[in-house]
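Below is one structure, written out as structure tokens; comments come after it.
The values are calculated or read from the model by the stated rules, or taken from the named source; none is laboratory data. Just so it is clear, the structure is predicted and the values come from calculations on it, not from any experiment. Methodologically, a virtual Cβ is constructed for each residue, glycine included, from the backbone with ideal geometry; neighbour enumeration extends over all protein chains shown. Only protein heavy atoms, including side chains, enter the accessible area calculation; ligands, DNA and RNA are left aside. Shrake-Rupley method; radii C 1.70, N 1.55, O 1.52, S 1.80 Å.
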Amino acid sequence: MKQALVDDTEDVSLDFGNEEELAFRKAKIRHPLATFFHLFFRVSAIVTYVCCDWFSRSFVGCFVTVLLLLSFDFWSVKNVTGRLLVGLRWWNHIDEDGKGRWIFEARKASPQRSVATEAEARIFWLGLVICPLIWTVFFFSTLFSLKLEWLALVIAGISLQAANLYGYILCKMGGERDIGKITASFLSQMVFQTASPRDFQKPGLKGLEIHKH
């Protein structure tokens, strides 16, 4: 009887860390401002392009407005939202010899660092993938409708947004440049895994995976 009492009162260690981390990942958006601007400029550029005839008859005004929105989107996604929402960053560095090197940075998972939410990661990647596809549709519609004056703007939209998409896919894939491997690996991760980005640090600090090309 005494032995049974000892067994019943034996301490049992419970691990709440994983449960807390899972609850945080499934929580609501952690960086609302960054999430808003991740979609604001690119969606605004698309809406302005589609509806510019309703707002203004000035081709130059519409062209400049859409181009500015695309430029703001490229800068904010490349330098701000990717770092905050998914912990990734890429850029081109000119070394002392005058040669350009592409640098791709990705965060390393660490139990000590807080994680971003799944909602932020989904919004980031969906916005990054869908918008270039929409501009590709605009390219063919502009080409077939012979509205060639808009062709340069549509190509600029495809180029700027595809550049960010390509850069962040390389970051996620560890700098791999084989297109076949990139596509297969990226799609498998998007379908079978849920991104769990952790906080990003500045270049050269502990916790970064840096790939140079």
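Being polar (S, T, N, Q), part of a helix (DSSP H, G or I) and without any contact (Cβ under 8 Å) to a residue 60 or more places away in the chain is the filter here, so list the residues in the range 49-103 that pass it.
Here is the first cut: in the range 49-103, the ones polar (S, T, N, Q) are 56, 58, 65, 71, 76, 79, 81, 92.
Those left that are additionally part of a helix (DSSP H, G or I): 65, 71, 76, 79, 81.
Scanning the range 49-103 gives Thr65, Ser76, Asn79, Thr81.
Considering only residues that are part of a loop (DSSP other than H, G, I, E, B) and more than 18 Å from Thr48 (Cα to Cα), look in the range 138-156 and name the one that is least open to solvent (accessible area, probe 1.4 Å).
Our first condition is that a residue be part of a loop (DSSP other than H, G, I, E, B); within the range 138-156, this holds for 145-147.
Restricting the remaining residues to those that are more than 18 Å from Thr48 (Cα to Cα) gives 145-146.
Numbers: Ser145: 59, Leu146: 129 Å².
Once the filter is applied, the top-ranked residue is Ser145.
Rundown of residues vs (1) charged (D, E, K, R); (2) closer than 22 Å to Ile158 by Cα; (3) modelled with pLDDT under 80, yes/no style:
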site: Gln3; (1), (2), (3): no, no, yes
site: Arg30; (1), (2), (3): yes, no, no
site: Ala45; (1), (2), (3): no, yes, no
site: Gly82; (1), (2), (3): no, yes, no
site: Trp102; (1), (2), (3): no, yes, no
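Would you confirm whether or not the range 164-183 contains a residue that is on the phi < 0 side of the Ramachandran plot, out of contact with any strand residue (DSSP E or B) (no Cβ under 8 Å at 6 or more places or on another chain), open to solvent by 40 Å² or more (accessible area, probe 1.4 Å) and modelled with pLDDT of 90 or more?
For the range 164-183, residues on the phi < 0 side of the Ramachandran plot, out of contact with any strand residue (DSSP E or B) (no Cβ under 8 Å at 6 or more places or on another chain), open to solvent by 40 Å² or more (accessible area, probe 1.4 Å) and modelled with pLDDT of 90 or more: present.
Out of all the residues in the range 38-62, which are under 30 Å from Arg122 (Cβ atoms) and of a type in the set (D, E, K, R)?
Correct list: Arg42 only.
Among the listed residues Asp53, Asp95, identify the single one that is touching a strand residue (DSSP E or B) at 6+ places or on another chain (Cβ under 9 Å), over 20 Å from Met173 (Cβ atoms) and of a type in the set (Asp, Glu).
Asp95
Which residues, taken from the range 94-109, are over 23 Å from Leu128 (Cα atoms) and open to solvent by 40 Å² or more (accessible area, probe 1.4 Å)?
Ile94, Glu96, Asp97, Gly98, Lys99, Gly100, Arg101
For the range 110-118, state whether one or more residues are at pLDDT 95 or above and of a type in the set (Val, Ile, Thr).
Within the range 110-118 (the criterion being at pLDDT 95 or above and of a type in the set (Val, Ile, Thr)), the answer is no, since none of the residues qualifies.
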